[in-house]
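Written out below as structure tokens is the structure these notes cover.
The values are calculated or read from the model by the stated rules, or taken from the named source; none is laboratory data. Every value quoted in this text rests on a predicted model; they were computed, and no experiment measured them. Neighbour counts run over all protein chains shown; Cβ positions are idealised from the backbone, glycine included. Accessible surface is based on the protein model in full, side chains and every heavy atom, while ligands, DNA and RNA are left aside. Shrake-Rupley method; radii C 1.70, N 1.55, O 1.52, S 1.80 Å.
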Amino acid sequence: MTPQLNEESRSYLLGFSAAASFKEVHGLECIGYAWDELWDNTMLIFRSLGNLTQGKGTESLSGPVGIYKMTDQIVSYGWMPYIALCALISLNVGIFNLLPLPALDGGRIFILLFEKLFRKKMPRKAFEWAILGSYVLLFGLLIFATWNDIVNFFL
């Protein structure tokens, strides 16, 4: 890296800086940008879920405490970042709800498709055990994420 002379402060600077730019868009143009952002965030969520299934990225897993702390920080940036965070949380909840776990909507859809495909009802006892197992898994994940938050923010 080569130091750059900053004429304004009459000093040399070394490193990098972040720059943001804004572009004014009108009407239907907004829909295209919104769709691109939605798609990018959806793919990021799926990549993160894939990493979590491989045991990668568990240190960045956040639960209710982390969401509260992040929201508290984002609110200080203004209402636009706050709305973007709300949209991201909503997208996360929607995608998570579609996971094929029997306790979630995605699991119920999966079971219905399975029953339609094989033209046979899932045995009630198996269904109950599948739901119980998925609840145990979900509560375990919630406890792990909350513990992660506590360790990251308070210890």
Q.
Give me log10 I(q)/I(0) at q = 0.20 Å⁻¹ for the stretch 101-143, Debye formula, one equal scatterer per alpha-carbon, no solvent.
A. -0.61
Q) With every protein chain left in place, what is the accessible area of Ile109 in Å² (1.4 Å probe, nearest 10)? A) 90 Å²
Q.
With n ≥ 4 as the cut-off for DSSP H runs, can you work out [θ] at 222 nm for the chain, using -39500 (n - 2.57) per run divided by the number of residues, rounded to the nearest 500?
A. -22500 deg cm²/dmol
Q: Please work out how much accessible surface Cys30 shows to a 1.4 Å probe, ignoring ligands, DNA and RNA, in Å² rounded to 10.
A: 60 Å²
Q | Rounded accessible area of Phe118 (nearest 10 Å², 1.4 Å probe) | A | 120 Å²
Q: Would you be so kind as to identify all helices of the chain, as entire DSSP H runs, whose Cα atoms reach 18 Å or more along the helix's own axis and whose mean Kyte-Doolittle hydropathy is at least -0.5?
A: 29-53, 79-97, 105-118, 124-154
**Q.** Accessible solvent surface per residue of the chain, calculated while the other protein chains remain in place, 1.4 angstrom probe, Å²
**A.** 82 Å²
Q: Whenever you get a sec, compute what percent of the accessible area on the chain sits on carbon and sulfur atoms (1.4 Å probe).
A: 67 percent
Q. On alpha-carbon atoms, Rg over Rh for the chain using Kirkwood Rh?
A. 1.13
Q) the chain: longest stretch without exposed GluC sites (Glu not before Pro) (DSSP loop, at most 15 other Cβ within 10 Å), sites themselves excluded? A) 25-155
Q) Whose amide H sits under 5 Å from the amide H of Leu98, counting only residues 5 or more places off or on another chain, with H placed in the peptide plane? A) Gly106
Q.
Only sites in a loop by DSSP and with at most 15 other Cβ atoms within 10 Å count here; which trypsin sites (Lys or Arg not before Pro) in the stretch 1-82 make the cut?
A. Arg10, Lys23, Lys56
